[in-house]
1. Mind ranking 298-311, 712-725, 359-372 by how tightly packed they are, going by the mean number of other C-beta atoms within 10 angstrom, highest first?
2. Determine the shape class of the range 140-243: with a ≥ b ≥ c the square roots of the Cα gyration tensor eigenvalues, call it rounded for a/c under 1.5, and otherwise prolate if a/b is greater than b/c, oblate otherwise.
3. Cα atoms only: what Rg and Dmax, in Å, come out for the range 4-136?
4. What does the charge add up to near Val112, with Lys and Arg as +1, Asp and Glu as -1, over the other residues with Cβ less than 14 Å from its Cβ?
5. Based on the mean of other Cβ atoms within 10 Å per residue, sort peptides 645-652, 112-119 so the most packed one is first.
6. Quick check on my link table: of Lys159/Lys195; Lys183/Lys245; Lys495/Lys731, which ones sit more than 25 Å apart, alpha carbon to alpha carbon?
7. First measure r as the distance between the Cβ atoms of Ala766 and Asp426, then evaluate 1/(1 + (r/R0)^6) with R0 = 41 Å and state the FRET efficiency to the nearest 0.05.
8. Skipping prolines and chain starts, which residues have an amide H placed within reach, meaning under 5 Å, of the one on Ser174, given they are 5 or more residues away or on another chain?
Amino acid sequence: MPTQHEILTAAIDGLAGGGDPAAAAALDRWDPSHWRSVLLDLPLDERGYRDRFLIDQDAEIVRLWRWWTADGGPDRPAQTAGYLGFYLLTIVALHCSERARFHGETDVRFAVGEETVTAARISAGLVADPRVRRAVQVLYDPAFGSEPATEETLAEWEKIDFDSLRFHRHGTTSVILYGRSAKPKASRHTEFAFKCLIYPYRQQPPIVAATRAYASRFEGFIPDDAPLVGVWASHDGWILMDFLKGETLADRLRSRPKAETKPRKTVVRPVDIAELDVLGSALLHALADLERLDYRHEDLSPSNIVVQSVGGGTRIRFIDLGVNHLHTRMLPGEAYGEAVYVAPEVRKGGGGDGQADLYSLGRILLAISGAELRPDGSLPDHSYVLSTGMARLLEDLVDADPGRRLLVTPIEEHDPVHGQDRNRIDQIRELFEREMAVIREAARLEPEGALEKARSLLPGSGTVSRQGRILRVRKRQAAELRRRGLAADVPRLRKAQRLHRWAWAAAFVLWGTAALVATWWVEDLGVGWQAKGIEMVNIAIAQTGSDFDFFAAMRLDGYDMPDPWENLPARLVGFSFALVNARLYLNLFAEISPLSPLPRRGRRRFLTWATEFGLRSMAVLPSLCVLIPTLLQGDWWPLATQIGLVWTAIVFTVFIAFERDTHRRAREAGLSTVPEGEFPPGRLVRWRPTLLIYCATVLVMGTLIMLDLVQDELVYACFVSLINLSIYYFKSAGADAPRVRTELSRAFLAAERLDHLEARRRAAAAAGPRTPSEGAPHADAGPAVDAVGGLAVADRA
């Protein structure tokens, strides 16, 4: 006797024209129990479907859809046609679920003859048929659940107007319909969303239990201003809730125009700052409200976030809370589709604490910015170019170890002024908005148009104005935190202010150096023009009644001005070095620092201060090497060039040593935010051989010139100037600058994270061993209090 699946297969073959047409008559005798049995036993994956029915799932969908849309429609009794339509709706939903989970496809399409049909169009066409809607009503009737439905559940079920049902979208384990209430006066809202569990998933007890209990878990979220959708009722295979108008974040991200980037320029890929600002702030506001209600999402992904426009602003609402048990069925380490937004501990163990939503938050903020984590779990390079402060926050959210999230972010448990508990998501939001304020100020001066982009090739173009704006923003932020009595983030803001002040001053020094060289060059050519600053010095001296020429007195014997030919080598080399170093410092080193708020010891302390000294010296020493031969003695330019290049090689070697040491320690500590493999793979290591060869050449040729063994000074000066401008100005300090800045920022942030890990270990060792009843920390626990660093992280969810 044939099984039900064999009967169904033969019937479909007959309907699709590949078998006996009479075989379909057997389906007309089936009652709902037969259909429930067949639907529950459907394979959950494409391969299982092919093994069971000897046909690919997408091919089955195509031939059933052809039959459904043939002239005259399905030629079967209404009941049979409705169940066959529901069967097709189910395998389409299963197909979409697998394509999304394992292939990252969100817009599934089928080739039907010469036409391409989307899965959404097929599902919408099926649900629009009253026979399919009748099948939905019968198959999801709460009377056939594993447990009896409560009176409240049955009352809400009676409010569904099944004639109004229409298809809304596919979920990971569900088909979501929407419709109107049959009893609008007795309902929360006129419209509802009807989330129907894909039928074979009703064989999975954890999924069924979570679906049945959904209303009891979240029935308190009734107000329309709550971050969660209002729930009417739920049972084994369905959830009835308010219908939210708006698009999901997944839809919004998919519809965003893709920015075209060249492979070599992916580090400086464009970021939609306005979108990140609006959506990031709205998301954090909603998550803070959720935490105030003492709940967490556990399945925070773009498809579970609804973006609404309210009163000219943007509002975020959450749907489908709770662990998606399909994520726990993946192989260890694998993540596809929207599973990438789920914290590793949730995918590994099927559950997580309040740290899990932090990981999802970080991934979603990255997605809004137009990027994803790299395969090894580290941030994409352009995150560090956008803002070191923002990269610091993102690193602190997406660490694979839940105990290392919010490791360096200053979170306070209590408001010292009002004596109230502080919401940690609110604090993350405030930090995010502070960094966005800096990003907006920096973006205001981004070059637009051919003329402005050409001007941006000048060293430090716009840097003084940019640093001034950012400095004022940081001052306001620090003052506001002090006013509120919130001191946790003030040290970092003070550090940022110090760096901006130094960059601002360095910009004037480096530009002044280039201007002085240009002024002396003009005077060598016999043009009676001087810079305003030089004129002011001479006027001030003249007003004292002296005819003393300050700058002329600085020149040593044998340094004649004007003497354009003899002074030309010094002018060429000095001007080229001034331009290169101005652009190098302002583009690479101005706003980054390896210093940490926590103490370092031994070799790490030495490397830290050597790196910091090297960074700041690049704003001063190059100018000295240019100014000394310019002001004192022009013949000293070969020696000054040698000193400057040798110092640069030493500084870069220190940078590389710091990076190597940090990467080694980070890999030993298992820090997931640091790239895997040998470090550093970046530009500094690639620069060093070229720089050493250049240094050797300059040392040899410069020494020969100073010993009068070589007379072609101008040729040598032209060679040095050409190398400076062609290689170091346009390539090293220009095209390569974002990559070097990225690798240094990554190393400095990793070192800071390692400091906090070490501080936590020292604090734990000082506290001594604890018994389990004392709440000893463990590897997977969220961070509690970093006693050494003074950072408190509350895991309140």
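1. Top of the packing list down: 359-372, 298-311, 712-725.
2. Rounded.
3. My reading of the Cα-based Rg and Dmax gives 14.0, 41 Å.
4. So the surrounding residues net to 0.
5. Most protected by this proxy first, the peptides run 645-652, 112-119.
6. Pairs exceeding the cut-off: Lys495/Lys731.
7. The value I calculate is 0.85.
8. Close amide H contacts, sequence-distant or interchain: Ile198.
All of the numbers you see were taken from the coordinates with simple rules; none came from a lab. Computed from a predicted model, the values in this text were never measured in an experiment. Methodologically, a virtual Cβ is constructed for each residue, glycine included, from the backbone with ideal geometry; neighbour enumeration extends over all protein chains shown.
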